[in-house]
Amino acid sequence: MTSEGVEKVLKISAGAALALVILGAVLQRLGWLPFPLAFYIFGLGLLLCALLALFTMGSVFRRLARKQAYRTQLNIGFLTTVPVALVLITVGIDGFKAPPIHDISTDVHDPPRFQFAQAQRRKGDNSLDYGGEELAKQQAKAYPDLKTVYLPGTKEQGLALVRGTVEGLGWKVLGEDIDAGLLEAADTTPLMGFTDDVVIRVRALNDGVLIDLRSVSRVGISDLGANARRIRRFVQELKLRY
């Protein structure tokens with residue numbers, strides 16, 4: 001095959017790979033396809049992008065050594081690297097090391113329970129029932145830093161602080177039970193638009209409050225560390241607002 005023919009094949013392949021990535025992400029966000037199918041489309045496109053990026057960048061170096069034109073290969077390599085880089089930046093190296101769990105809580109012995117989120121979930125979504133001791137062990141090993149937050153103040157002050165933090169982070173409030181000290185919200189991931197549910201519990205203790213969070217993915221087996229990152233972000237914002 002001539003070099004012009006190779007370039008044409010690369011352009012078509014890159015276009016198809018990028019189209020699959022965009023199509024998978026859009027279909028997932030709009031909910032027009034079941035999660036597994038939309039995710040497989042996205043994943044296939046991402047895999048093709050990674051392979052094309054490696055191939056074209058290798059081709060660039062070969063052409064440089066031979067003093068041949070390489071602009072087309074460089075452009076294709078750049079375009080196919082972008083979605084791969086976005087995923088790596090969003091998930092992070094630690095995300096790919098995360099255990100295959102999707103239910104994370106700051107209190108694994110008495111995790112907060114949902115009251116409102118179930119009404120938002122579809123048939124086939126992950127259960128909101130806590131996974132028990134085995135889940136707690138996996139979380140403790142992967143995220144030992146996630147603990148109950150203690151802050152001085154009244155329960156009412158704690159709930160107000162929690163509400164302000166949720167709103168500041170842009171989460172959608174699903175419901176609130178003031179008597180039980182519970183607030184539930186939903187957060188959407190930036191890339192694929194996965195919606196995860198969060199319940200926050202505030203309990204009085206002496207002159208302060210205990211604040212616990214639990215974040216559960218609606219779909220998927222592994223959350224790639226998303227729920228732990230969400231809890232850390234909330235706690236950081238909470239303490240900044242205190």
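The values are calculated or read from the model by the stated rules, or taken from the named source; none is laboratory data. A quick note: this is a predicted structure, and the numbers were derived from the prediction, not measured. In this analysis, Cβ positions are derived from the backbone assuming ideal geometry, glycine residues included, and neighbour counts consider all displayed protein chains.
If a residue must be exposed (fewer than 12 other Cβ atoms within 10 Å of the Cβ) and either among the β-branched types (Val, Ile, Thr) or outside any helix (DSSP H, G or I) (or both), how many such residues does the range 52-67 contain?
Final tally of qualifying residues: 1.
From (1) touching a helix residue (DSSP H, G or I) at 6+ places or on another chain (Cβ under 9 Å); (2) surrounded by fewer than 22 Cβ atoms within 10 Å (Cβ to Cβ); (3) not small (Gly, Ala, Ser), pick out the condition that doesn't hold for Gln157.
Result: Gln157 passes all but (1).
Give the residues of the range 53-78 that are out of contact with any helix residue (DSSP H, G or I) (no Cβ under 6 Å at 6 or more places or on another chain) and of a type in the set (S, T, N, Q), sorted by residue number.
Gln68, Asn75
What are the residue pairs meeting all of these: first residue in the range 95-108, first residue closer than 10 Å to Asn227 by Cα, second residue assigned to a loop (DSSP other than H, G, I, E, B) and hydroxyl-bearing (Ser, Thr, Tyr), Cβ atoms under 8 Å, and 6 or more apart or on different chains?
Listed by first residue and then by second, the contacts come to Ile101/Ser222; His102/Ser222; Asp103/Tyr130; Ile104/Tyr143; Ser105/Tyr130.
Return the only residue of Val173, Val199, Val235 being crowded, with 22+ Cβ neighbours inside 10 Å, hydrophobic (A, V, I, L, M, F, W, C) and modelled with pLDDT of 95 or more.
When all the criteria are applied, what remains is Val199.
Working carefully through the options Thr148, Thr106, Thr165, find the one that is polar (S, T, N, Q), closer than 17 Å to Asp223 by Cβ and touching a Leu at 6+ places or on another chain (Cβ under 7 Å).
Thr106
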